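The values are calculated or read from the model by the stated rules, or taken from the named source; none is laboratory data. Small disclaimer: the values here were computed from a predicted structure and weren't measured. Here the Cβ positions follow ideal geometry from the backbone for every residue, glycine too, while neighbour counts run over all protein chains shown. These area figures cover heavy atoms from the full protein model, side chains too; ligands, DNA and RNA do not enter into them. Shrake-Rupley method; radii C 1.70, N 1.55, O 1.52, S 1.80 Å.
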Amino acid sequence: MSENRDIVIIGGGIIGCTSAYFLTRHPSYDPAKHKITLLEASKIAGGASGKAGGLLGLWAYPSNIVPLSYRLHAELAAEHDGGSRWGYRRIHCGQLSAKGRVAEQEKSQKGDPSNTESISLQKRDKAALGRLIAAGLPKDLDWIAAESAKSYYEMGTPDNTAQVHPYQFTTSMAQLAAEKGVNIVLGSVSSIDRSEGAVRSVTYRDKETSKSHTISATDVVIAAGPWTKSVYPPAPISAMRAHSVTIKSKAPISAYALFTEISLPPNFGRTNTFLKSKRPHSKQVSPEIYARPGNEAYACGEGDTLVPLPKTTADVQTDQSRCQDIIDYVSSISDELRDGEVTSRQACYLPNVQAASGGPLIGETGVQGLLLAAGHTCWGIQNGPGTGKVISEMIYDKRVTSANIASLDPRKVL
């Protein structure tokens, strides 16, 4: 493709940043003829792309783009030192059934929680190890309390499961794209001129100056996640809020991602005295826990739709009580997490496709030059590289050769 092109990407999350990256790595990319602008309303990776878990799996969905994207994650990590730059590593993943404990029970069974050395010795106690093995837990998954573990089912191995740190990965993709000529602009899109059935320009309001600017566009990629509908109203994209926390353990925690089912005792309550309350808890809770490099753990709870989507990622409000719930739930089955330092309490919104076909939606919209890449639910980080790759093929080659994504065509639901 030799003609001049003005490519505008709307959204500075993982999909927008990987699209920018792969557009600059396509064989047809010519920085002298192809101008690429990435517009982001707040900041790069300010939403779910900076606050997600970062789990990667060949067993994820949808199956038509997962293998491509999983392979690209490995290739990107090898090319750009992703291990140190964004925490890429292969891990185990499993379903854990456990019994929660109340704070007093934890202390009486484990002694002084401030003594991390005693915790380490307890982990290696023969009786405790025997209980873990009896429950089916791998020997190195020793940061789950022995008296809590009920059963373990392996879902993924290092052969088909990995992880990244979402914020580090997304911002690295943006930086690598910028190094090849992508212009990153902070500003909120107010309109897309698509007169006569084709995109002509994009108008945005600059974040710093509040001035309105209009830039020419031959190609527009809408990758605004849960905010996609505000940019392109026909898109059937809704938003779900999700809370999460990160905890720095004082003791080593092995590389496992856990989907838990925790049975709470009747007298379960908050462990944080500042937020202590009598609010009832469900008998069964299902937080996800992902161990990260550097003895950090990421944990998230169930989503909700109680608070409508705000204007930008900067306006997202965090419900501290929901974060405390997550902390209490994971602390009830792990001394390492209970005694660790809570380093962040956060919330974000995930994009869902309101259609029977599900999501994501990747491809043409019926308007010439207007592409949609949104609705990736909780698998945006996993499927980001694959999405960026096929978007680059759509723009430069006018056809996708890396994967068969016909079922993800937005025109089926628009």
Residue within the range 390-399 that is closer than 24 Å to A74 by Cβ and surrounded by fewer than 16 Cβ atoms within 10 Å (Cβ to Cβ) present: yes
The range 220-236 - residue that is open to solvent by less than 10 Å² (accessible area, probe 1.4 Å) and under 20 Å from T305 (Cα atoms) and, of those, nearest to the chain's Cα centre (by Cα): T228
Members of the range 242-254 that are part of a strand (DSSP E or B) and surrounded by fewer than 22 Cβ atoms within 10 Å (Cβ to Cβ): A242, T246, K248
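Tell me yes or no: at least one residue of the range 328-345 is in contact (Cβ under 8 Å) with a residue 12 or more places away in the chain, β-branched (V, I, T) and open to solvent by 20 Å² or more (accessible area, probe 1.4 Å). Full working, then the answer.
We begin by selecting, within the range 328-345, every residue in contact (Cβ under 8 Å) with a residue 12 or more places away in the chain; these are 328-345.
When the remaining residues are screened for being β-branched (V, I, T), the result is 330, 333, 342-343.
Now narrow it down to the ones that are open to solvent by 20 Å² or more (accessible area, probe 1.4 Å): 342-343.
Yes: one or more hits.
Select, from Q168, Q122, Q163, the only residue that is under 21 Å from E296 (Cα atoms), out of contact with any Asp or Glu (no Cβ under 7 Å at 6 or more places or on another chain) and at pLDDT below 95.
Working: Q168 fails: at pLDDT below 95; Q163 fails: at pLDDT below 95.
When all the criteria are applied, what remains is Q122.
For the range 8-20, indicate whether the set of residues that are farther than 17 Å from P166 by Cα and in a loop (DSSP other than H, G, I, E, B) is non-empty.
Quick first cut of the range 8-20, residues farther than 17 Å from P166 by Cα only: 8-10.
When the remaining residues are screened for being in a loop (DSSP other than H, G, I, E, B), the result is none.
No, there is no match, as no residue in the range 8-20 is farther than 17 Å from P166 by Cα and in a loop (DSSP other than H, G, I, E, B).
Of these, E154, E147, which one is outside any helix (DSSP H, G or I) and open to solvent by less than 50 Å² (accessible area, probe 1.4 Å)?
The unique qualifying residue is E147.
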Number of positions in the range 21-34 that are out of contact with any Lys or Arg (no Cβ under 7 Å at 6 or more places or on another chain), open to solvent by 10 Å² or more (accessible area, probe 1.4 Å) and not in a loop (DSSP other than H, G, I, E, B): 1
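Can you say whether E261 is out of contact with any helix residue (DSSP H, G or I) (no Cβ under 8 Å at 6 or more places or on another chain), part of a loop (DSSP other than H, G, I, E, B) and open to solvent by 40 Å² or more (accessible area, probe 1.4 Å), as far as the supplied structure shows?
Details: out of contact with any helix residue (DSSP H, G or I) (no Cβ under 8 Å at 6 or more places or on another chain): yes; part of a loop (DSSP other than H, G, I, E, B): no; open to solvent by 40 Å² or more (accessible area, probe 1.4 Å): yes.
Considered against the rule, which asks whether it is out of contact with any helix residue (DSSP H, G or I) (no Cβ under 8 Å at 6 or more places or on another chain), part of a loop (DSSP other than H, G, I, E, B) and open to solvent by 40 Å² or more (accessible area, probe 1.4 Å), E261 comes out as no.
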Counted residues, the range 395-414 - those being of a type in the set (A, V, I, L, M), in a loop (DSSP other than H, G, I, E, B) and touching a residue at least 40 places away in the same chain (Cβ under 8 Å): 4
Residues within the range 199-234 that are in a loop (DSSP other than H, G, I, E, B), of a type outside the set (V, I, T) and over 19 Å from G384 (Cα atoms), tallied: 9
Residue count, the range 158-168 (criterion: closer than 13 Å to A60 by Cα and either touching a strand residue (DSSP E or B) at 6+ places or on another chain (Cβ under 6 Å) or buried (at least 20 other Cβ atoms within 10 Å of the Cβ) (or both)): 3
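Condition first: farther than 30 Å from T214 by Cβ and buried (at least 19 other Cβ atoms within 10 Å of the Cβ). Now tell me which residues in the range 39-61 satisfy that.
Start the filter on the range 39-61 by keeping residues that are farther than 30 Å from T214 by Cβ, which leaves 51-61.
The answer is K51, A52, G53, G54, L55, L56, G57, A60.
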Residues of the range 338-394 classified as modelled with pLDDT of 95 or more and assigned to a loop (DSSP other than H, G, I, E, B), total: 9
